[in-house]
Amino acid sequence: MTTLVLLSDLIFESNDKLDQRIRSLFNSEQPSIGYIPSCSDPERKYFEHTRRYYNQIGIDNIQYFDLDLEYEERTFGSIFECDAIHLSGGNTFYFLSLLQKRNMVGLLRSYVKSGGILIGVSAGSILTTPTIEIAGYGEDADENNIDLKDMKALGLVNLEFAPHWDGSEDTLNSLREYTRVNRSAVYACQDGGGVVVDGDSVELYGNVSFVDFRESGSADE
């Protein structure tokens, strides 16, 4: 069964229902989370922010696993013993290139199919979907500085995710055009909101709007 949490951003004044739902996904009383940054975080600035968020919802065991400059193949495999894996925000193209370089795409798919929980923030959320093309779309697009050619991501869900939605209809109209061109469906999510995929169930928290080339709707909880 696929269990995913797709977040737009990790903010402390967020949605209590969403926080409670994330905590409820763990069967263990003392769950562990393996954190993968989108690029090396030598001062652990972003890791510490994430660690404090999880501490706030009652999860204390957060471990840092680097795919970039501090990568250690010998020890990295222990991340798959964690109850969940957290994929950070950052440049989506560079993050996917790291997953490809370290042969992590198939391993992460297997981890989720074996019951592991995958939690993404921004770029990390986009990586759970079939393609990261949306990361290069719109005014605030990520730069593909590494000239990444293969945009295929983990493909754990048959939907796309647009983080940091500003709440405007103009942005939704732009995404409608994207879905028409790509014949896809996109969840546009404002910061503080998220999408929880639990098996066949797709749950929306906060301000999330669904854009499909066939139909359109929204949810605001």
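The values are calculated or read from the model by the stated rules, or taken from the named source; none is laboratory data. Small disclaimer: the values here were computed from a predicted structure and weren't measured. As a convention, Cβ positions derive from the backbone with ideal geometry for all residues, glycine included, and neighbour counts pool all protein chains shown. Each accessible area value is taken on the protein alone, full model and side chains, heavy atoms only, with ligands, DNA and RNA left out. Shrake-Rupley method; radii C 1.70, N 1.55, O 1.52, S 1.80 Å.
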For this session: Give the residue, chosen from R44, R52, that is at pLDDT 95 or above, farther than 13 Å from Y205 by Cβ, over 15 Å from the mean Cα position of the chain (by Cα) and open to solvent by less than 70 Å² (accessible area, probe 1.4 Å).
Result: R44
Exercise. Name the residues in the stretch 151-166 that are open to solvent by 40 Å² or more (accessible area, probe 1.4 Å) and either at positive phi or not acidic (D, E) (or both), would you?
Worked result: M151, K152, G155, N158, H164
For this session: Kindly indicate whether any position in the stretch 151-159 is part of a strand (DSSP E or B), touching a Ser or Thr at 6+ places or on another chain (Cβ under 9 Å) and over 30 Å from F12 (Cβ atoms).
Result: yes
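Is it true that some residue in the stretch 132-150 is within 26 Å of S201 (Cα to Cα), in a strand (DSSP E or B), open to solvent by 60 Å² or more (accessible area, probe 1.4 Å) and charged (D, E, K, R)?
We begin by selecting, within the stretch 132-150, every residue within 26 Å of S201 (Cα to Cα); these are 132-135.
Pick out the ones that are also in a strand (DSSP E or B) and you get none.
Among the residues of the stretch 132-150, not one is within 26 Å of S201 (Cα to Cα), in a strand (DSSP E or B), open to solvent by 60 Å² or more (accessible area, probe 1.4 Å) and charged (D, E, K, R), which makes the answer no.
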Exercise. For the stretch 77-85, does any single residue satisfy the condition of being buried (at least 16 other Cβ atoms within 10 Å of the Cβ), modelled with pLDDT of 95 or more and either touching an Asp or Glu at 6+ places or on another chain (Cβ under 9 Å) or more than 17 Å from G120 (Cβ to Cβ) (or both)?
Worked result: no
Exercise. Does any residue of the stretch 37-56 turn out to be within 16 Å of G116 (Cα to Cα) and out of contact with any Ser or Thr (no Cβ under 6 Å at 6 or more places or on another chain)?
Worked result: no
Seminar exercise, completed: By residue number, the members of the stretch 92-113 that are of a type in the set (S, T, N, Q) and open to solvent by 50 Å² or more (accessible area, probe 1.4 Å) are Q100, N103, S110
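State which residue is surrounded by the most Cβ atoms within 10 Å (Cβ to Cβ) when the search covers only the stretch 168-200 and only residues that are assigned to a loop (DSSP other than H, G, I, E, B) and within 20 Å of the chain's Cα centre (by Cα).
Among them, the one singled out is G193.
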Exercise. How do the pairs read when you match residues in the stretch 99-122 that are free of Cβ contacts under 8 Å to residues at least 24 places away in the same chain and at positive phi with residues anywhere that are in a helix (DSSP H, G or I) and surrounded by 11 or more Cβ atoms within 10 Å (Cβ to Cβ), using Cβ under 8 Å and keeping only pairs 6 or more apart or on different chains?
Worked result: none
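Just to verify a result, which residue in the stretch 114-131, among those that are polar (S, T, N, Q) and either modelled with pLDDT under 95 or assigned to a loop (DSSP other than H, G, I, E, B) (or both), is most open to solvent (accessible area, probe 1.4 Å)?
Ranking the candidates gives S114 first.
Take the residues in the stretch 4-39 that are polar (S, T, N, Q) and within 19 Å of P163 (Cα to Cα), then tell me which one is modelled with the lowest pLDDT.
S14
In the stretch 179-206, how many are hydroxyl-bearing (S, T, Y), farther than 15 Å from K17 by Cα and touching a residue at least 60 places away in the same chain (Cβ under 8 Å)? If you could, list the steps in order and put the result at the bottom.
In the first step, residues of the stretch 179-206 are kept if they are hydroxyl-bearing (S, T, Y); the result is 179, 184, 187, 201, 205.
Right, trim to farther than 15 Å from K17 by Cα and you get 179, 184, 187, 201.
Now drop any that are not touching a residue at least 60 places away in the same chain (Cβ under 8 Å), which leaves 187.
Within the stretch 179-206, residues that are hydroxyl-bearing (S, T, Y), farther than 15 Å from K17 by Cα and touching a residue at least 60 places away in the same chain (Cβ under 8 Å) number 1.
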